[in-house]
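The values are calculated or read from the model by the stated rules, or taken from the named source; none is laboratory data. Keep in mind that this is a model prediction, so the values were computed, not measured. Cβ coordinates were reconstructed from backbone atoms using ideal geometry, including for glycine residues, and neighbour counts include every protein chain displayed. The accessibility values were calculated without ligands, DNA or RNA, using every heavy atom of the protein model including side chains. Shrake-Rupley method; radii C 1.70, N 1.55, O 1.52, S 1.80 Å.
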Amino acid sequence: MAIIQATSSCSSRSLIHPPLRHRISAGVHVNSRFSPILFLKPKFPQRAAAAATRALLENSTSDSVATKVVERDLSLAIKNRASEISPDLRGTSIFLVGINSSYKSSLGQILADSLRYYYFDSDSLVEEVAGGKSEAISYIERDEDGYLASETEVLKQLSSMGRLVVCAGNGAVKSTTNLALLRHGISIWIDVPLDLVAKDLEEDRIQLSASDTLICKSSSEILDQLAALYNSGRSGYSTADATISLQKVASQLGYDELDAVTPEDMCMEVLKEIEKLMRVKKMMEEAARPF
């Protein structure tokens with residue numbers, strides 16, 4: 001398989017560079033919301049539409065209406081905060097580290113949309129190059145070092161570009177080379193309780209990467225293996241520029257249940273941390289200027 005030769009030799013020739021460049025130059029966005037909108041002529045009069053809307057609202061519970069209003073306001077607040085920090089960010093890429101979860105992937109896509117960045121999942125790119133997840137698992141069993149080299153090559157390509165939000169896999173924090181590549185952008189540890197990650201897995205909301213695929217399926221065994229994955233990457237996670245803890249966000253927002261925290265809540269906290277980091281960087285640059 002061509003990928004084996006490419007990753008084993010770790011040559012300077014790009015492993016994923018051409019297709020990745022093609023996606024970006026073509027403007028492909030995983031979470032694109034900028035597709036053309038078709039304006040259709042309404043099929044019933046405006047007065048009837050207003051009456052239908054009122055009836056719908058009257059039949060809805062006040063809680064659901066309030067929730068929609070809050071979500072809309074938070075979405076607007078996210079976009080406003082992103083537009084405020086974007087000039088200082090200057091296209092710097094953002095790398096999200098931590099065990100894969102629906103929170104991490106969802107907030108990554110929301111963050112990319114709000115900053116008008118491109119979104120990539122590094123694990124998915126590595127598996128795509130290998131020919132799919134099953135092929136990637138087989139590749140790991142045959143040549144684990146080669147697979148790890150391909151992870152590094154993908155990160156090298158991503159770190160050389162700007163205006164990206166990258167959900168980085170566990171492999172991104174397991175070598176000094178990969179950690180150094182993350183320093184080309186801003187790295188943020190998305191710390192999600194393992195029981196919520198296990199729930200994601202049990203309900204098929206996420207899949208772990210080929211290198212992190214779990215063998216056992218019972219709840220207790222899944223938690224044990226997730227704990228092992230967490231512990232193996234924790235020292236790497238801790239080198240991130242900032243940490244966003246779901247538990248801490250829940251406490252700050254006054255939520256009794258952790259699963260009440262939304263990806264939008266997490267995204268807002270990420271933007272706040274990025275703003276702090278940009279402020280510190282600006283102060284350091286000003287302090288370094290000669291009098």
**Study point:** Under the Karplus curve 6.51 cos²θ - 1.76 cosθ + 1.60, θ = phi - 60°, whole-Hz ³J(HN,Hα) for the range 158-165, x wherever Gly or Pro sits
**Key:** 5, 6, 7, 10, x, 6, 10, 10
**Study point:** Solvent-accessible area of LYS174 with every protein chain in place, 1.4 Å probe, in Å² to the nearest 10
**Key:** 100 Å²
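Find how much the distance from GLU144 to ARG289 grows on full extension, using 0.36 nm per residue of separation minus their present alpha carbon separation; answer in nm with one decimal.
Taking 0.36 nm per residue and subtracting the Cα distance, the gain is 47.5 nm.
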Practice item. Enumerate the residues in the range 242-260 having an amide nitrogen under 20 Å from the point lying 7 Å beyond the Cα of ALA227 toward its Cβ. Key: 246-247
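Of the listed pairs LYS174/LYS272; LYS133/LYS276; LYS133/LYS272; LYS133/LYS281; LYS79/LYS174, which have alpha-carbon separations greater than 31 Å here?
Beyond 31 Å: LYS133/LYS276; LYS133/LYS272; LYS133/LYS281; LYS79/LYS174.
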Practice item. Round to the nearest 10 and report in Å² the accessible area of GLU202, as given by a 1.4 Å probe over the protein chains' heavy atoms. Key: 90 Å²
Study note, to complete from the structure: Computed ³J(HN,Hα) along the range 266-281: with the Karplus parameters 6.51/-1.76/1.60, θ = phi - 60°, integer Hz and x for glycine or proline, the list is 5, 4, 4, 5, 4, 4, 5, 5, 4, 4, 4, 4, 5, 5, 5, 4
Exercise for review: Enter the Cα centre distance for the pair the range 214-291 and the range 145-207, rounded to the nearest angstrom.
Suggested key: 13 Å
